[in-house]
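Below is one structure, written out as structure tokens, with a few remarks after it.
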Amino acid sequence: MAAVLGHYNFWNITSEQALQEAWLRLENVKPLSATSSVLSIVMTPIIVLGNLLVLLAVWKDPLKKLRSSPSNFILVSMALADLSVGLVVCPITAYWGWVIFDKNTSPFGLSVIFAINVFSVNVSFGHIFLLTVDRLFAVVTPLEYRFKITNKRVLVACCVCWMYFVAFGCSFLMFRDYFAIMVTIYNVQLLSILLSILIMYAVMMFHFHRYSKTREKEQRHSIDSRLMILKRERNLFKAIAIVICAFLICYMPWFIVQLLIYLCKPCHPHLALLMVFFGFSGTLTCANSFLNPILYSWRLPKFRETFKYFWRNRNFGRLQVSGTAGKTCKASL
């Protein structure tokens, strides 16, 4: 860590040494750790509730609309990954930050924390990649989509995603004495996935725009058809723009800050400020686990109909209970 240690001989640094050099020696480490703890505690119930709603909707599936789509299996698998962030990563981060605030020591190895974080957060990241591939096939090859994207292939892809990131998380424990090397591989890997996702979204937008122009020429005498095509194109661009913006807001600050910390030697005098941004940018990556249900599940009409069904039945159940209670009171009178 060139910016932290002041030189480039850092490839054999351990996670504990990185903690001592980059975090614990800061003058404001206690308020920063306390703030990280509070943010993690606040995010935990929000992440858990949002992803439990997605799992409940698919598990119950009262309208029989959610289990038939292969892409919904990816959404379920991603909800499980995001749920692990809320149930495991956020509580561990909160506890660890509070221990540093209280005793300035860590109760268990930092490598374990990194391994759990790498596994949980990156499984969610990998499912975003799978969803993007799914949407790419749906837009570029709509006629062949049902033959290419089957339930079996989706399940295999999800299992491979889980197994790969479990193995990668375990590698942080196996190579804990080469923390900088593992972090470099980790960042290069995530940056490659990020760029792949952005490229696929660009391909989708270009393909649909070209398709819209072709349809517009074919139906140049039908104003209603042209307006409908333009509306669909506008809605697709809007949806993609929202997903990309949320994605970049959650992950790009974390990438930029890490590049400055690890590779920017002139940034060493401003290490305290960089570590403040590092703490908050790490929190943003966890916040992505709350945004995923909103961006990929709740905005879909089938999920919205299912949630509305649950809400209507909940209110209807209350009315039935109150009506029964009223009749009992009248009978007693």
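The values are calculated or read from the model by the stated rules, or taken from the named source; none is laboratory data. Everything quoted here is computed from the prediction, not taken from an experiment. Using ideal geometry, Cβ is built from the backbone for each residue, glycine included, and neighbour counts are taken over all protein chains shown. Accessible surface is based on the protein model in full, side chains and every heavy atom, while ligands, DNA and RNA are left aside. Shrake-Rupley method; radii C 1.70, N 1.55, O 1.52, S 1.80 Å.
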Length added when fully stretched, ALA202-ILE181, from 0.36 nm per residue minus Cα-Cα | 4.4 nm
Förster radius 30 Å - calculated FRET efficiency between LEU49 and ALA239 (Cβ-Cβ, nearest 0.05) | 0.80
Counting Lys and Arg as +1 and Asp and Glu as -1, each charge on the Cβ, what is the dipole of the stretch 58-192 about the Cα centre in debye, to the nearest 20?
-> 580 debye
Run the 1.4 Å probe and let me know the accessible area of ILE242, rounded to the nearest 10 Å².
-> 90 Å²
Between ARG67 and LEU263, how many nm apart are label points set 7 Å from Cα along the C-beta direction?
-> 4.8 nm
In square angstrom, rounded to the nearest 10, how much accessible surface does PHE119 have for a 1.4 Å probe?
-> 50 Å²
With all protein chains present, calculate the accessible area of PHE277 using a 1.4 Å probe and round the result to the nearest 10 Å².
-> 110 Å²
Charge-dipole axis of the stretch 67-215 as Lys and Arg at +1 and Asp and Glu at -1 on Cβ define it, positive-most pick from THR184, ALA115, ALA202 | ALA202
Pairs to check: LYS65/LYS152; LYS64/LYS308; LYS148/LYS213; LYS60/LYS302; LYS213/LYS238. Give those whose C-alpha atoms are more than 22 Å from each other in this structure.
-> LYS148/LYS213
Between LYS213 and VAL88, what FRET efficiency comes out of the Förster formula 1/(1 + (r/R0)^6) with R0 = 45 Å and r the beta carbon distance, rounded to 0.05?
-> 0.40
